[in-house]
1. Take the residues of the stretch 187-207 that are more than 15 Å from H62 (Cβ to Cβ) and not hydrophobic (A, V, I, L, M, F, W, C): which is farthest from the ligand (Cβ to nearest atom)?
2. Yes or no: A184 within 9 Å of the ligand (Cβ to nearest atom), under 20 Å from P287 (Cα atoms) and not in a helix (DSSP H, G or I)?
3. What is the residue count in the stretch 91-100 for residues that are within 17 Å of Q339 (Cβ to Cβ) and either touching an Asp or Glu at 6+ places or on another chain (Cβ under 8 Å) or outside the structural domain of W210 (by TED's automatic domain parsing) (or both)?
4. List the number of the failed condition for A115; all other conditions in (1) near the ligand (Cβ under 10 Å from one of its atoms); (2) surrounded by fewer than 23 Cβ atoms within 10 Å (Cβ to Cβ); (3) farther than 23 Å from Y240 by Cα; (4) among the small types (G, A, S) hold.
5. Here are the criteria: (1) closer than 30 Å to P123 by Cα; (2) surrounded by fewer than 24 Cβ atoms within 10 Å (Cβ to Cβ). Tell me which single one I155 does not satisfy.
6. Among (1) within 14 Å of the ligand (Cβ to nearest atom); (2) touching a strand residue (DSSP E or B) at 6+ places or on another chain (Cβ under 9 Å), where does Y96 come up short?
7. Please find, within the stretch 326-345, the residue that is surrounded by the most Cβ atoms within 10 Å (Cβ to Cβ) out of those that are touching a residue at least 12 places away in the same chain (Cβ under 8 Å) and more than 16 Å from the ligand (Cβ to nearest atom).
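The values are calculated or read from the model by the stated rules, or taken from the named source; none is laboratory data. Given the structure is predicted, the values throughout are model-derived calculations rather than measurements. Ideal geometry is used to build each Cβ from the backbone, glycine not excepted, and the neighbour counts take in all protein chains shown.
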Amino acid sequence: MQPIQLFVPTFRIDETLEAIRECLEKGWTGLGFKTVQFEQAWKDYTGLPYAHFLNSATSGLHLAVAQLKAANGWQDGDEIITTPLTFVSTNHAILYEHMKPVFADVDQYLCLNPASVAARITPRTRAVIFVGMGGNVGQYAAIRRLCDERGLKLILDAAHMTGTRVDGKHIGADADVTVFSFQAVKNLPTADAGMICWQRADLDAEARKWSWMGINKDTYARTTGSGTYNWYYDVEQVGYKYHGNSIMAAIGLVSIKYVDEDNSFRRQICAWYDEAFDDEPRIERVPMNPDGVPSRHLFQVLVDHRDEVVGKLQQAQIYPGVHYRDNTVYGMYHDQAGQCPAAERASNRLLSLPLHLRLTKDDVLRVSQALKNAVLELNTN
Ligand SMILES: *Cc1c(COP(=O)(O)O)cnc(C)c1O
């Protein structure tokens, strides 16, 4: 029996190697060249006005908070409302800037619940970070309205949302800043990379400085431009080493051509799972908000006895995952434990089933049957 993994990235290998070869032959693997091309390809693909290529979404989330803090005069200890059900980089981004993550609870989509967010707003609240879990738009639109009404910035952690559309438009256009991940297991795989997308030219220009040590122009422009004195750049602030490189961009430039086709196949896989679970009420599926066409980064179910269910699936050589554990179980965030009961309950019951492009319908049937058997056994014993 072949093992079935949670995630396996698929690359168009020959085409990708050819794009990497171009970098190697040119002798240009760093910032510039392919990174500029990939930023353009991303803007063309999403319709977003600005895009700056980074080495990860984690870097992008940090920059988003840091730039907004600087631009708006936020203070240490000011609050950002966020979800406890996410990868920790969402919340670390707030702590990097000495601000306070305030957890609000999640809804049936496992995304922020607008009523809970509203209840957590204080005079020190400055922003909300929304995570589109698994590519789901959740109640993003209501959160956007709430932020407008209450004068809060909205940061969209769109790490799962490459290819998610609403009314035919790519997600991200109405957040103050949107951050995407192109980490290997995300929908548009490289090895590690991300994109920060601002709505304003000045903030995009700032991001380019902050992501390269505070230096005010890029290497490629300096060496291809007319200036002989290319060491005469200014350093305007203590920036970071967060920009992306041409090898990652070369991989991304190939992956982006196939991402919509790949996401369609992800939706097909999810439809197969849905069909298989229609007759099993003990396997509760996380619904997708029908207002959006989701990227389907994840297929998530909620089951009782989750850890035992995982054990049984592993015996059948099936390796699911959990996205995510309630962050307040971690020492770093434990001080806020017990305030988000829906997230806490989900955290103990969540299971992400294998979802990647190498799965066949038979694989999906094998996973579904194994899960049904496990759930049945554990609920009758
Ligand atoms: C993967 C992920 C990140 C971090 O992305 P990297 O590119 O690996 O830094 C942030 N938020 C969420 C929700 C993620 O799934």
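1. D202
2. Against the criterion (within 9 Å of the ligand (Cβ to nearest atom), under 20 Å from P287 (Cα atoms) and not in a helix (DSSP H, G or I)), A184 does not qualify.
3. Of the residues in that region, 1 qualify.
4. A115 satisfies every listed condition except (1).
5. Answer for I155: the failing condition is (2).
6. (2)
7. C340
Here's the yes/no breakdown for (1) in the same structural domain as L85 (by TED's automatic domain parsing); (2) under 24 Å from the mean Cα position of the chain (by Cα); (3) in a helix (DSSP H, G or I); (4) exposed (fewer than 15 other Cβ atoms within 10 Å of the Cβ):
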residue	(1), (2), (3), (4)
P287	no, yes, no, yes
S295	no, yes, no, no
L298	no, yes, no, no
Y324	no, yes, no, no
S347	no, yes, yes, no
